[in-house]
Structure formats: C-alpha cells, structure tokens
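Engineer: Mind having a look at this structure? Questions to follow.
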Amino acid sequence: MDSDYGIARELTDLQKLRSTYQPQLPPCLQGTTVRVEFGDATTAADPSGAHTIGRLFPHTYGQPIVHFLRETAQIPDARIITEHPAMRVGLVFCGRQSPGGHNVIWGLHNALKIHNPNSVLLGFLGGSEGLFAQKTLEITDDILTTYKNQGGYDLLGRTKDQIRTTEQVNASLAACNALKLDGLVIIGGVTSNTDAAQLAETFAEAKCSTKVVGVPVTLNGDLKNQFVETNVGFDTICKVNSQLISNVCTDALSAEKYYYFIRLMGRKASHVALECTLQSHPNMVILGEEVAASKLTLFDLTTQICDAVQARAEEDKYHGVILLPEGLIETIPEVYALLQEIHGWLRDGVSADKISSKLSPWASALFEFLPSFIRKQFLLFPESDDSAQLSQIETEKLLAHLVEEEMNKRMKEGTYKGKKFNSICHFFGYQARGSLPSKFDCDYAYVLGHVCYHILAAGLNGYMASLTNLKNPENKWRCGAAPITAMMTVKRYGRGAGASSIGKPALHPATVDLKGKAYELLQQNAVKFLMDDVYRNPGPLQFDGPGSNAKPVTLCVEDQDYMGRIKKLQEYLDKVRTIVKPGCSQDVLKAALSAMASVTDVLSVMSSSSFNGQTPF
C-alpha cells in the first residue's frame, strides 16, 4: 500500500489545467526578503483560563504574535532574517481530508527551496501512524506535479487523527529526533492543532530542536477565532454542496410534491449548513446552535417543521427543501441525555442488544419511541471524543418520519386539509470532500504553506499560521502567526454531583455566533426563504470567469481582520507615546490621562464579562 503514495495521478484535461494554476503570494511574502515583527505577548481569550493554560504550557504560553511584512516596511523593531540554512521539515495530515490540503505541501515546499535549495521536506505516509512509524516520502517537484491544486489527501494519506497519548507523543519525539527534523507541520482542525500545541510544549520541555507548527485545515469550518477567519476546505465544501442543494431545490420546484431533508457535515457546529443556506436559499435550515440555545425538544422541532409545511400548503405549495447539520441530533436535550446513557453502558462493556433493559425509565421510553433504524444507530460505539457517530445517525430520516406521522395525524383530525406529505432524504457527507479545491482554497492553502516556512525560519514553536483580511484580494491579505495556546480555552463541566469543574485546555469547535452578522442575515431572510421559493443556484465550482473569485458569504459579511487591528492599535499607542512625553503641556497630559482612564475602565468591564454565561456546547 505504501507504494501507492506519491505516484503520478492520471489527470483529466480539467485537472491538468488546474495543475498549471499558480497561486499568487501577498506582497509581504514575495521575493526572498521578509521582515518579521514581534508584537506583544499574547494572553488567553478567556482570562479565567489563563492561569490553567499558563501552568500546563509554561514554555509556549504567552509568546508574542508575529507579523510578516514586506522588506520595505518602515517598522523599526522588525528584523530581516538574513540567514537561511538548509532545513529538514516533516509534514503530516492529521485531520479528515479537506480540499486544498495538497497546496499547503506545495507552498511549504516552494518556500523551502526558494530560500535554500538544499532544504528537505518529508511527508509522513498514512497520517500520524506514519509519523509514529517514521515512514516518510521526500517531497519533490516531480512528485508534486499531479497534486497541485488537486483535492484529497492521497499524496500522503491519513489514518488516526490524534497524537495524544504518552506513547504517541514519545513516538513523535523519537521520529523527529531520528530524522533530525528542524520543523514538524501538522495539518488539521481543532483536535489536531490541540495535539500540535501539546507536542510543541513537550518538545520544548525535552529540549528537542524540532519546532511544531499548526495549519487550520478542516471542512467543518469550526477552527475559528480572532487569529483564524476561516479554514482551508470550507469554501470548497460549501460551494459544492450548495450546487447539489440548488439542484434539489430546482427539482422540488419542478415536481411540486416532495419535501427534501438534507443532512450536511459539520459535527459540533453548523457553519456548513449556515453557509450553504446563504448560498442556495432553501426553505428552512435548523441550526444546532439554535436548538441548544432554545433547548428545543424533538417534539418542538417536529412541530416547527409541520407548522412550516402547513403554512406552505395554505399557499398551495407542497414541496420544500430543509437543511440539517449532522451534529443536530446531539443538541436536542433529551436525545443527548439518552445518548450519554447509552454510551456509558457501551464503555462499560454492555453489549448493544442488552442496553435497552439497562436504561432509566424516561430514557427507555424515549428509546422505544424512536424508529427501529434510529435505535440501531444510537447503539453504535461512540467516537474517541465521546460524541456519537454522527455521520452514521440519519437525523434527516428521523425528522422526516416524525413529520410525516404528525401531518397524517393532523389530516385525520381535520386541522390539516392539504395534500399528503411526501419526503425524500439525502446525506451530503462525502460528495464534496474529495472535490477539486476552489480558487480561494488553492490560494489560501498555498500561502499558508509559505507562512509555515517563515514561522520555522524565525525559530518559533507552538504557532499556527495565520492569514487575516481574507475577504479582500490576495494582495491585501495580512500574514502572521499566533501561539496556539492563545486560541485555547478551558471548558467548565458541571454534569452531576461531584463532577469536575475544570477541563483540559484545548482548541474547542467555534459554534455559529447567534449574535453575529451572518446569522442576522439569515434571520432577516428566513420568512422569505420559507414562503417565497427564492432558490438560488450558484452553479458548478468555477475556476475562472464569473464566480471564480467568490468567497464564503459568512466570511464576507463579518467584520474581522484581527491582526490588522492589533497593528493599528499599536500604531495609536506609539503615537500617544510620541505626543505625551515628559515636558509636554499640562493640558495634553490631562487629556491623555482622562482618555486613558475611560478606555481602561471600559475595556476592563468588557474583558471580565466577555465569557460570562457561556457554557460548553
């Protein structure tokens, strides 16, 4: 099997054309001279977790943010790295395959060779298992030829998604030492980059010379924070799914007799479902975050959909399209509690066929109420993070079944006088995952690969490559890096008497912000989407011409560019220091003190209250 890795692909004419596309670098990364500016030391986003994170990550917590600037930038404290000795860098795919991953390899390889042709990039074969076993493939121009701008992870492959246990961490340390690696680049999502942070800390403690760098690549779009605006692969996934959804919408409008229930990938967060809704305008979307915030039950969701069906029937419309995120099932309170009971018995070794007799009375009643096909899926052994096997639970079929039963009931009672309800169900899980990456994902991944090189050239450990201002053209992107520990939070758990109140620091999935501009846009259009059939078809993924430069709606409507604003703040602070010096007038000093006192009071209140009331999803 190892011999299959890195072999030349047989490309179609379209793939060949895509392989010739050359992503552009932002001005700050062009050429061989890049200025590095070290900003202020970072802190935790949630101040209440800062002590815990600092205690567990003493070597990598509190490091400064980093900006990469063009050679001509007039920044006094920025330095130019003039020496570029040959490097040996390893790279591993740790997360689930996401379109654009190959371009991270390409970008990193190019940057290594531009600065020193003797540098070597080693790809670990088969994901983290290949890292532990020290199975490598040296990346060359010839090997990359048929993988540039192509989907999948088949250049290197992947297996397990974790580097977490003591045995796994020690195996990683042994591999990096044995291969004399200067850097290890880990490509993945929240789980993989949490592991990267722990690996960086362990390496620093062991005085290992290998520096660890993380790259935000995940189709779920849930690795989002002030330093990471979006993830490689998210744009492609949403565009491909939106075309499929739009095709279904057109079919529904043509036949006028089916309701389509479509489940999309997303796990703990509903970013994919939200983005696809804003792109294709289906009639309804049920976000897990809404369900969790309002504590909606299975009965509530069924009633909500049935009321929508009935309202459309009154307008003589007997068709529709409804989107659901795959993580929805775990956000329904009583279903989540049932799954927790089931998983507890499964972990205790109780066989699946005997679990129903072990359930508490209320859980047993709910379990028996569910259709038999869902009961079987609920009995699947949980994932390594204790969540249900979400891709295997057919939530769309469950809701379609419950809605049909309720509509039949209403028809018998005479409260519904429309036509019989008919449903068709789909799960768009893997249809988009292996797609050719969009132009945006090609560019984004390639530039991130270059940023990884500059992080390593600066001798930084435990950092994630960061690009902000992404909604603007590439020549305005800001390139930098931030310590992964600055993105960590400590979740509080309080289930049951005596439950631990402190969790381990980690990157946690960012859920849809119900106060954000993207959700506000959805709310503004919800009634129109539901009743007016304003279906929108973005068409197939475009690589040139109209639509090729389109970016995620959720990225474009939000007001981000955190790294740029940090720099702007620093400029203002520097100006204040320039103006308010010993010897300045009394009036200038008084004005400065008054303004600073007001700003400090406001920021202190905002900082202390920003995480109040937030609970784990």
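The values are calculated or read from the model by the stated rules, or taken from the named source; none is laboratory data. Note that the structure is predicted; figures quoted are calculated from it, not measured. All Cβ positions, even for glycine, are placed from backbone atoms using ideal geometry, and neighbour counts span all protein chains on display. Areas reflect the complete protein model, heavy atoms only, side chains present, ligands, DNA and RNA absent. Shrake-Rupley method; radii C 1.70, N 1.55, O 1.52, S 1.80 Å.
Engineer: In whole Å, what is the distance between the alpha-carbon centres of region 308-328 and region 427-452?
Structural biologist: One Cα centre to the other: 32 Å.
Engineer: Against the empirical 2.2 N^0.38 Å scaling, what ratio does the C-alpha Rg of region 415-565 come to?
Structural biologist: Normalised Rg, Cα atoms only: 1.44.
Engineer: Shifting gears a bit: Can you pull the semi-axes for region 351-488, root of five times each eigenvalue of the Cα gyration tensor, sorted largest first, whole Å?
Structural biologist: 48, 24, 13
Engineer: Before rounding to the nearest 500, sum -39500 (n - 2.57) across all DSSP H runs of length at least 4 in the chain and divide by the residue total; then give [θ] at 222 nm in deg cm²/dmol.
Structural biologist: Calculated from helices alone, the mean residue ellipticity at 222 nm is -13000 deg cm²/dmol.
Engineer: Using modelled backbone amide H atoms (1.01 Å from N, in-plane), which distant-in-sequence or interchain residues come within less than 5 Å of residue 285's amide H?
Structural biologist: Sorted by chain and number, the residues that satisfy this are 323.
Engineer: Let me ask another. Report the calculated FRET efficiency for residue 536 and residue 21 (r = Cβ-Cβ distance, R0 = 30 Å), to the nearest 0.05.
Structural biologist: Efficiency computed from Cβ-Cβ geometry: 0.65.
Engineer: Using only Cα atoms and rounding to the nearest 10 degrees, what angle (0 to 90) does helix 190-205 make with the longest principal axis of the chain?
Structural biologist: 30
Engineer: How much of the pair distance distribution for region 143-280 lies past 26 Å, counting alpha-carbon pairs only, in percent?
Structural biologist: 42
Engineer: Counting other C-beta atoms within 10 Å, and keeping those with at most 16, which DSSP coil GluC sites (Glu not before Pro) do you find in region 313-422?
Structural biologist: Passing sites in region 313-422 are 314, 315, 383.
Engineer: With axes computed from alpha carbons, what is the tilt in degrees of helix 517-532 against the longest principal axis of the chain, rounded to the nearest 10 within 0 to 90?
Structural biologist: Value to nearest ten degrees: 30.
Engineer: Compute the helix-to-body angle for 439-457: its Cα long axis versus the longest principal axis of the chain, expressed 0 to 90° and rounded to tens.
Structural biologist: The two axes meet at around 40 degrees.
Engineer: Which pairs, out of 268/358; 268/376; 135/180; 317/419; 412/528; 471/517, put more than 19 Å between their alpha-carbon atoms?
Structural biologist: Long pairs (Cα-Cα over 19 Å): 268/358; 268/376; 412/528.
Engineer: Using only the alpha-carbon atoms, what does region 1-53 span along each of its principal axes? Please give whole angstrom values in decreasing order.
Structural biologist: That gives 54, 36, 20 Å along the principal axes, largest extent first.
Engineer: Using a Cα-Cα cut-off of under 18 Å, which aspartates and glutamates could be cross-linked to residue 476, ignoring same-chain neighbours fewer than 8 residues away?
Structural biologist: Cα-Cα hits under 18 Å: 37, 71, 229, 441, 443, 558, 559, 561.
Engineer: I'd like to compare 439-449, 51-61, 291-301, 121-131: which one has the highest average count of other Cβ atoms within 10 Å, and what's the full order after that?
Structural biologist: The most tightly packed comes first, giving 439-449, 121-131, 51-61, 291-301.
Engineer: Mind running the shape call on the chain? Use the C-alpha gyration tensor, a ≥ b ≥ c as the square roots of the eigenvalues: rounded below 1.5 for a/c, prolate if a/b tops b/c, oblate otherwise.
Structural biologist: prolate
Engineer: Mind checking region 156-203 for trypsin sites (Lys or Arg not before Pro) that DSSP puts in a loop (not H, G, I, E or B) and that have at most 14 other Cβ atoms within 10 Å?
Structural biologist: Of the trypsin sites (Lys or Arg not before Pro), the ones in loops of region 156-203 whose Cβ has at most 14 other Cβ atoms within 10 Å are 180.
Engineer: If I model a spin label as a point 7 Å beyond the Cα along the Cα-Cβ vector, how far apart are those points for residue 336 and residue 424 in nm?
Structural biologist: 3.4
Engineer: Between residue 524 and residue 167, how high is the FRET efficiency from 1/(1 + (r/R0)^6) when r is the Cβ-Cβ distance and R₀ = 56 Å? Nearest 0.05.
Structural biologist: Efficiency computed from Cβ-Cβ geometry: 0.60.
Engineer: Pop out the carbon and sulfur fraction of the accessible area of region 96-233 as a percent, whole number, probe 1.4 Å.
Structural biologist: Carbon and sulfur: 48 percent of the exposed surface of region 96-233.
Engineer: Here's a follow-up. Give me the 1.4 Å probe accessible area per residue for the chain, excluding ligands and nucleic acids, in Å².
Structural biologist: Counting only protein heavy atoms, the per-residue value for the chain is 44 Å².
Engineer: Here's another thing I want to ask about it. Which trypsin sites (Lys or Arg not before Pro) in region 501-546 pass both tests, a DSSP loop state and at most 13 other beta-carbon atoms within 10 Å?
Structural biologist: Hits after loop and neighbour filter: 515.
Engineer: With a sphere of radius 10 Å drawn around the Cβ of residue 323, what net charge do the other residues whose Cβ falls strictly inside it have (Lys, Arg +1; Asp, Glu -1)?
Structural biologist: The answer is 0.
Engineer: While we're looking at this one, here's another question. Please give the peptides 572-583, 77-88 ranked by average Cβ packing (other Cβ atoms within 10 Å per residue), highest first, as a rough proxy for protection.
Structural biologist: The most tightly packed comes first, giving 77-88, 572-583.
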